[in-house]
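This report concerns only the one structure given below.
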Amino acid sequence: MTQSAAAPAGTVTVRVPAKVNVQLSVGGLRPDGFHGLANVFLAVGLHDSVSATRADSPRLTVSGPDAALVPQDRTNLAARAARLLAQRHGIEPDVHLHIAKDIPVAGGMAGGSADAAGALLACDRLWGLNTPYEELLALCGELGSDVPFSLAGGAALGQGRGEVLTPLEVGGTFHWVFAVAEGGLSTPDVYRECDRLREAEGTGSSVTDVPEPAADEALLAALRAGDAQALAAALHNDLQPAALSLRPSLRETLAAGREAGALAALVSGSGPTCAFLTADADSAARTAHTLTASGTCRTARATTAPAPGATVV
């Protein structure tokens, strides 16, 4: 039997970062429908905020850019996170969640996963549950492959389907620009296109056809050293060909960023946001300005990495 949670008065707000995949190596399609990954996550300084307030019944609201594109019903990943946490502790999920969006929606930067991690932490504090961190991480893994990293932040290698995390050392600050596209891309669609392209190329797409992915040691060394030039040389995303196949116009965005002086350019995760690694803050500002003026994207944002994970503010 469930019961209402004893909660302190007021509101708990959690700040959660976006991510970029500096390496996304995708294994073959497994019988369970997932792909094995070697996924090197880097949290970046674009954030959503998730606020949890006591309520008589579950409620969800969203504000900010593209708020109309975010589901505001039970299917929202943040709402699912609140229900999962409440169920685990045998209480009612009576909370008003408000998501203040700044991470691009369906942009390959784990905005929905960030909101889920933020909701878990905010509700845990609001309801006074004091769930151990490792248990929160496990709940994140039940919600989605990228959700555990959204809680952890920093830098990490994600294995399995991305939810098994190994923290990574980062030796400095990296300067990034993110070009936000019009509209989103469905992550499942991009993975299906990746499989289709592999089949079309004759390499096959199953776990028996594709080698098990592994972290790139040169990339990990570049992160440890804080070496932007070395990291630029090692950036890799197996989903990029599929994203470009579904959204060919992204090639123009990538080219515009390179021409603006970025050290490297790649599609962020499943896209359609494009990520540009730059040498320093001035270069990032110039690249963002040039990309915004190029007409190849809706807007471009300069920021830094790594960033902390979900944090109560």
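Read-outs throughout are calculated quantities, based only on the coordinates presented, and are distinct from any laboratory measurement. For clarity, every value in this text was computed on a predicted model and none was experimentally measured. Here the Cβ is made from the backbone with ideal geometry for all residues, glycine too, and neighbour counts use every protein chain on show.
Putting +1 on Lys and Arg Cβ atoms and -1 on Asp and Glu Cβ atoms, find which of 14, 35, 25 reaches farthest to the positive end of the dipole of the chain.
Of the listed residues, the answer is 14.
Ignoring GluC sites (Glu not before Pro) that are buried or in helix or strand per DSSP, and keeping those with at most 13 other beta carbon atoms within 10 Å, what is the longest stretch of the chain between them? Walk me through the numbers on the way to the answer.
Numbers: sites that count: 169, 182.
So the longest stretch without any such site is 1-168.
If I model a spin label at residue 251 and residue 134 as a point 7 Å from the Cα along the Cα→Cβ vector, what separation in nanometres do I get?
About 5.0 nm separates the two model spin labels.
³J(HN,Hα) across the range 305-311 via Karplus (A = 6.51, B = -1.76, C = 1.60, θ = phi - 60°), whole Hz, x for Gly/Pro?
For the range 305-311, the Karplus curve yields 8, x, 10, x, x, 4, 9 Hz.
Answer with one residue from 71, 190, 96: the one whose Cα lies farthest towards the positive end of the charge dipole of the chain, charges on Cβ with Lys, Arg +1 and Asp, Glu -1.
96
About the Cα centre of the range 112-214, what is the dipole size in debye to 20, counting +1 per Lys and Arg Cβ and -1 per Asp and Glu Cβ, all else neutral? Could the numbers behind the result be given before it?
Details: 5 positive and 16 negative charges, 36 e Å.
The calculation lands at about 180 debye.
What do you get for the angle between helix 133-143 and the principal long axis of the chain? Use alpha-carbon atoms, 0 to 90 degrees, nearest ten.
Orientation of helix 133-143: about 70 degrees from the principal axis.
Between residue 233 and residue 282, what length comes free when the chain is fully extended (0.36 nm per residue of separation minus the Cα-Cα distance, one decimal in nm)? Write out the running numbers ahead of the final one.
Working: separation 49, 0.36 × 49 = 17.64 nm, distance 2.06 nm.
My answer for the length gained is 15.6 nm.
The list (1) 149; (2) 274; (3) 125 gives values of volume of the Cα convex hull per residue in Å³, and only one came from this structure; which label was calculated from it?
Given (1) 149; (2) 274; (3) 125, the structure-derived one carries the label (3).
Residue 64's amide H: which non-local residues (gap 5+, or another chain) put their own amide H closer than 5 Å, with H modeled 1.01 Å from N in plane and none for Pro or chain starts?
Here 101 satisfy the definition.
Determine ³J(HN,Hα), in whole Hz, for all residues of the range 83-98 in sequence, where each value follows from phi through the Karplus function 6.51 cos²θ - 1.76 cosθ + 1.60 and θ = phi - 60°; x replaces Gly and Pro.
5, 5, 5, 4, 4, 4, 9, x, 10, 7, x, 7, 7, 9, 9, 10
State, as an integer percentage, the relative contact order of the chain based on alpha-carbon contacts under 8 Å between residues 6 or more apart.
On the way: 789 pairs, mean separation 81.0, N = 313.
With pairs under 8 Å counted, the relative contact order is 26 percent.
Evaluate the charge dipole of the chain about its Cα centre and quote only its size in Debye, nearest 20, assuming +1 on the Cβ of each Lys and Arg and -1 on the Cβ of each Asp and Glu. Intermediate values should be presented prior to the final figure.
On the way: 22 positive and 32 negative charges, 122 e Å.
Dipole size: approximately 580 debye.
To the nearest 10 degrees, how steep is helix 187-201 against the longest Cα principal axis of the chain, on a 0 to 90 scale?
So the helix axis and the longest Cα principal axis differ by about 30 degrees.
For helix 111-126, report the angle its Cα long axis makes with the longest principal axis of the Cα atoms of the chain; keep it between 0 and 90° and round to the nearest 10°.
The answer is roughly 30 degrees.
Starting with the fewest neighbours, write out 115, 189, 216 ranked by other beta-carbon atoms found within 10 Å of each beta-carbon. Provide the component values of the computation, followed by the final result.
Working: 115 30, 189 13, 216 17.
Least to most surrounded, the residues fall as 189, 216, 115.
Please give the contour-minus-distance gain from residue 57 to residue 217: 0.36 nm per residue of separation, less the Cα-Cα distance, rounded to one decimal in nm. List each step's numbers first, then the result.
Details: separation 160, 0.36 × 160 = 57.60 nm, distance 4.92 nm.
Extending this stretch completely gives an extra 52.7 nm.
If R0 is 41 Å, what FRET efficiency do you get for residue 311 and residue 200 from their C-beta distance, rounded to 0.05? Numbers along the way, then the final one.
Values: r = 44 Å, r/R0 = 1.07.
After rounding to 0.05, the efficiency reads 0.40.
How long is the gain from residue 164 to residue 73 if the chain were fully straight, where each residue apart is worth 0.36 nm and the alpha carbon distance is subtracted?
Values: separation 91, 0.36 × 91 = 32.76 nm, distance 2.87 nm.
Length gained, residue 164 through residue 73: 29.9 nm.
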